[in-house]
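Enquirer: Starting off with a structure, shown below.
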Amino acid sequence: MFHDNRLLALVELLADACIHTHPDDRLYGDSLALAISYNLFGLRGQEEKRGGLAPARLRRVTVLMEQSLPRAIPLKDLADMIGLSEGYFARAFKASTGMSPHRWYLAAKIREAQKALLQTSDALAQVALANGFADRSHFTRAFRTITGYSPGAWRRSHPTQESDFAAA
């Protein structure tokens, strides 16, 4: 799962071009499809991979980060653990994962919150606090940033799991 604003904008333009089709728009649609393909499979993705962390180092760091949730380990401690400077570590981590260490932590906290939303009937404020967010509004902003949905809307869109704990 990823989120790329540039790619989303191109896909929306292509969808709009398909709906409001005109014979002269074929070249426009073809160029949008080419731009989407380039963004998905082009050289940009290959360039970002250069300079990443070795798989063993990345696994070591991410395992420690997951074990520390919902608390974040300082960037300096993560960099020191694998013998890199903070700046180089942050760039290498982003090259390896596609996101900064802070964004990775945020996404991991949201994944844990999603599990809680599916497995419990706890109020959103309780889920927020249990997953290291300051309050419900902070949780909602972060959840929407990562998933595109509010926590309540996301929970409602998964009714099968919700009915499982309602019956228990």
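Enquirer: The conditions are (1) among the aliphatic types (A, V, I, L, M); (2) within 29 Å of A130 (Cα to Cα); (3) out of contact with any Asp or Glu (no Cβ under 8 Å at 6 or more places or on another chain); (4) at pLDDT below 95, and A56 fails exactly one of them. Which is it?
Expert: Every listed condition holds for A56 apart from (2).
For every residue, the table says whether it meets (1) in contact with a Gly (Cβ under 7 Å, 6 or more places away or on another chain); (2) surrounded by 13 or more Cβ atoms within 10 Å (Cβ to Cβ); (3) at pLDDT below 95; (4) within 25 Å of H102 (Cα to Cα).
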| site | (1), (2), (3), (4) |
| --- | --- |
| Q119 | no, no, yes, no |
| Q126 | no, yes, no, yes |
| G132 | no, yes, yes, yes |
| I146 | no, yes, yes, yes |
| Y149 | no, yes, yes, yes |
| R155 | no, yes, yes, yes |
| P159 | no, no, yes, no |
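Enquirer: Would you mind stating whether A125 is farther than 26 Å from L58 by Cβ and not aromatic (F, W, Y)?
Expert: yes
Enquirer: Of everything in the range 126-140 that's of a type in the set (G, A, S) and in contact (Cβ under 8 Å) with a residue 12 or more places away in the chain, which residue is nearest to R71 (Cα to Cα)?
Expert: For the range 126-140, the residue satisfying everything is G132.
Enquirer: Would you mind stating whether G45 is over 30 Å from A134 (Cβ atoms) and at pLDDT 80 or above?
Expert: For G45, the condition - over 30 Å from A134 (Cβ atoms) and at pLDDT 80 or above - is not met.
Enquirer: When you scan the range 50-115 for helices (runs of 4 or more DSSP H) that lie fully inside it, which ones turn up with 3 or more residues that are under 20 Å from the mean Cα position of the chain (by Cα)?
Expert: By residue number, 55-68, 86-97.
The values are calculated or read from the model by the stated rules, or taken from the named source; none is laboratory data. Just so we're clear, the structure is a prediction, and the values are computed from it rather than from any experiment. Please note: Cβ atoms are built from the backbone with ideal geometry, for glycine as well, and neighbour counts cover all protein chains shown.
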